[in-house]
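Peer 1: I have a structure I would like to understand better, so I am pasting it below and will then ask my questions one at a time.
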Amino acid sequence: MIDRKHLHCLSSNIAKIVMRKFAMPAFITEREDDGLKAVARLKRTFDLIMHIRRHKKVVTALNHPSIRKGLDGKPHLTLKYLHPRYLFRGMETDTRVAIVLHHFDVLQKSLNLSFINTLTGNGLVIWTHEKPQGIHTVAMRYAHPMDNEGEILLEYRFNDTVIYVASFAFAPGLIAGLSDRNVLLITRIQGARQSFEQISLAMKSLRGLSGASVLMAALQGIAGSLNIRTMLGPAAEAQACYLEHLHSTFVGMYDDFFARLNGRRITATLYSIPLPIMEKPLSEVKASNRSKVKMQRDYKRLIMDGTRNVLHDHCLPQAAWKRDYLTTPNLTL
């Protein structure tokens, strides 16, 4: 009779053999919160085998000529969708596949090859602004192959130090029951660890504008360049890195943040944020804060327009943007 210890070992070995057969060693070494469990390995392996046609669609999408070069043939990327915490919790595998296929379809049909290729390495700087205190930049690049929280990463850098990051993917509106063909799925916005001093200096130089607001402005610019009118964001407990003992922290970072952006919860796991994000009239802002708030909004408009201009230069003709909201007059800040 096989005891539990031997069954665990046997299942682990079977999973390894199957995955080596499919030339997927990266899947074996993938880390999870408590280490890669044999049972989880087996479940994902058999999920792949039982839906091999579905997996071939993912492989085909990532092998498209305009996508393959930028991804550098990393085997990890064809397997990310199998992870139960890919992008956010609570999704069926078919939904995760739909997002992967849609994301890379939008990339290769909307943006030119030179842009896609620049998403590797340190990525493409989509906004930069110099102040006496230092240089602000936002860069856009592919997420690390082992990063399950998004397909594209935005990095907000101050004096070449990454102080805030956001992750996102292009997704079909159907994942949230929306009619939108394309939505921007925002899966992470957070400050970098051990960068508190730089975050504070950056905020002071932009009249108190937070790192999250800088990245949201850049995301609006990206959305505007592709005529995307809706953002989706996972609620706290649906976040890929959610920790129960930090529940209140996650609620503040995501649920409360999305609510301040006029977002509303439309499914058990997702908030919907209409674009452009509307802000209350300056006349309703306290007189003592009005000048500061106006300056912050001017900065956000500069970031949005700067980002849209960069992406516009790389958009394919059929994806050309329409400059139909939030354009900024010449500002000197």
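The values are calculated or read from the model by the stated rules, or taken from the named source; none is laboratory data. Everything numeric here is computed off the predicted structure, so don't read it as measured data. Cβ atoms come from the backbone with ideal geometry, glycine included; neighbour counts cover every protein chain shown.
Peer 1: Give the number of residues within the stretch 51-77 that are modelled with pLDDT under 85 and either of a type in the set (Phe, Trp, Tyr) or part of a helix (DSSP H, G or I) (or both).
Peer 2: 10
A quick yes/no check of all residues on (1) in contact with a helix residue (DSSP H, G or I) (Cβ under 8 Å, 6 or more places away or on another chain); (2) assigned by TED's automatic domain parsing to the domain that holds ALA218; (3) not aliphatic (A, V, I, L, M):
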| site | (1), (2), (3) |
| --- | --- |
| ALA235 | yes, yes, no |
| GLN239 | yes, yes, yes |
| ALA259 | no, yes, no |
| ILE266 | yes, yes, no |
| TYR271 | yes, yes, yes |
| PRO276 | yes, yes, yes |
| SER283 | no, yes, yes |
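Peer 1: Mind checking which residues of the stretch 88-111 are of a type in the set (Lys, Arg) and within 13 Å of ALA171 (Cα to Cα)? Talk me through it step by step, then tell me what you get.
Peer 2: Let us first name the residues in the stretch 88-111 that are of a type in the set (Lys, Arg), namely 89, 96, 109.
Correct list: ARG96 only.
Peer 1: Still on this structure: Give the number of residues within the stretch 248-286 that are surrounded by fewer than 16 Cβ atoms within 10 Å (Cβ to Cβ) and under 26 Å from MET146 (Cβ atoms).
Peer 2: Number of matching residues: 1.
Peer 1: Do you know which residues across the stretch 261-313 are basic (Lys, Arg) and touching a residue at least 12 places away in the same chain (Cβ under 8 Å)? First the steps, then the outcome.
Peer 2: So the first thing to find is which residues in the stretch 261-313 are basic (Lys, Arg), and the list is 264-265, 280, 286, 290, 292, 294, 297, 300-301, 308.
Selection gives ARG265, LYS292, LYS294, ARG297, LYS300, ARG301, ARG308.
Peer 1: While we're on this one: Please work out if ILE199 is outside the structural domain of VAL58 (by TED's automatic domain parsing), within 15 Å of ILE135 (Cα to Cα), of a type in the set (A, V, I, L, M, F, W, C) and assigned to a helix (DSSP H, G or I). Let's see the steps before the verdict.
Peer 2: Values: outside the structural domain of VAL58 (by TED's automatic domain parsing): yes; within 15 Å of ILE135 (Cα to Cα): yes; of a type in the set (A, V, I, L, M, F, W, C): yes; assigned to a helix (DSSP H, G or I): yes.
Judged against the criteria, ILE199 is a match.
Peer 1: List pairs: first in the stretch 112-127 and buried (at least 17 other Cβ atoms within 10 Å of the Cβ), second acidic (Asp, Glu), Cβ under 9 Å, 6+ apart or cross-chain?
Peer 2: Listed by first residue and then by second, the contacts come to PHE115/ASP313; GLY123/GLU155.
Peer 1: Hey, among ASP147, ASP180, which residue is at pLDDT below 90, assigned by TED's automatic domain parsing to the domain that holds THR230 and either outside any strand (DSSP E or B) or surrounded by fewer than 22 Cβ atoms within 10 Å (Cβ to Cβ) (or both)?
Peer 2: Values: ASP180 fails: at pLDDT below 90.
Of ASP147, ASP180, the one residue that is at pLDDT below 90, assigned by TED's automatic domain parsing to the domain that holds THR230 and either outside any strand (DSSP E or B) or surrounded by fewer than 22 Cβ atoms within 10 Å (Cβ to Cβ) (or both) is ASP147.
Peer 1: Sticking with this one: Given the structure, is ARG188 in the same structural domain as ILE303 (by TED's automatic domain parsing) and surrounded by fewer than 18 Cβ atoms within 10 Å (Cβ to Cβ)? Don't jump to the end; show me each part of the working.
Peer 2: Details: in the same structural domain as ILE303 (by TED's automatic domain parsing): yes; surrounded by fewer than 18 Cβ atoms within 10 Å (Cβ to Cβ): no.
So ARG188 does not fit the description; no.
Peer 1: I've got another one for you. In the stretch 261-273, what residues are farther than 13 Å from ILE186 by Cα and outside any loop (DSSP other than H, G, I, E, B)?
Peer 2: Answer for the stretch 261-273, where residues must be farther than 13 Å from ILE186 by Cα and outside any loop (DSSP other than H, G, I, E, B): ARG264, ARG265.
Peer 1: Just one of the numbered conditions (1) within 30 Å of HIS312 (Cα to Cα); (2) assigned to a loop (DSSP other than H, G, I, E, B) is not true of ARG193; which one?
Peer 2: (1)
Peer 1: Sort through ILE277, ILE303 and tell me the only one that's under 29 Å from the mean Cα position of the chain (by Cα) and in a loop (DSSP other than H, G, I, E, B). Before the answer, list the steps.
Peer 2: Working: ILE303 fails: in a loop (DSSP other than H, G, I, E, B).
Among ILE277, ILE303, only ILE277 is under 29 Å from the mean Cα position of the chain (by Cα) and in a loop (DSSP other than H, G, I, E, B).
Peer 1: Condition first: in contact (Cβ under 8 Å) with a residue 24 or more places away in the chain and either touching a helix residue (DSSP H, G or I) at 6+ places or on another chain (Cβ under 7 Å) or over 18 Å from ALA176 (Cα atoms) (or both). Can you find one or more residues in the stretch 242-250 that meet it? So that I can check it myself, show each step before the final result.
Peer 2: Narrowing the stretch 242-250 to residues in contact (Cβ under 8 Å) with a residue 24 or more places away in the chain: 242.
Now restrict to residues that are either touching a helix residue (DSSP H, G or I) at 6+ places or on another chain (Cβ under 7 Å) or over 18 Å from ALA176 (Cα atoms) (or both): 242.
Within the stretch 242-250, one or more residues are in contact (Cβ under 8 Å) with a residue 24 or more places away in the chain and either touching a helix residue (DSSP H, G or I) at 6+ places or on another chain (Cβ under 7 Å) or over 18 Å from ALA176 (Cα atoms) (or both).
Peer 1: For the stretch 102-135, which residues satisfy the criterion of being charged (D, E, K, R) and either touching a strand residue (DSSP E or B) at 6+ places or on another chain (Cβ under 7 Å) or outside any helix (DSSP H, G or I) (or both)? Don't jump to the end; show me each part of the working.
Peer 2: Quick first cut of the stretch 102-135, residues charged (D, E, K, R) only: 105, 109, 130-131.
Once the filter is applied, which keeps residues that are charged (D, E, K, R) and either touching a strand residue (DSSP E or B) at 6+ places or on another chain (Cβ under 7 Å) or outside any helix (DSSP H, G or I) (or both), the stretch 102-135 yields GLU130, LYS131.
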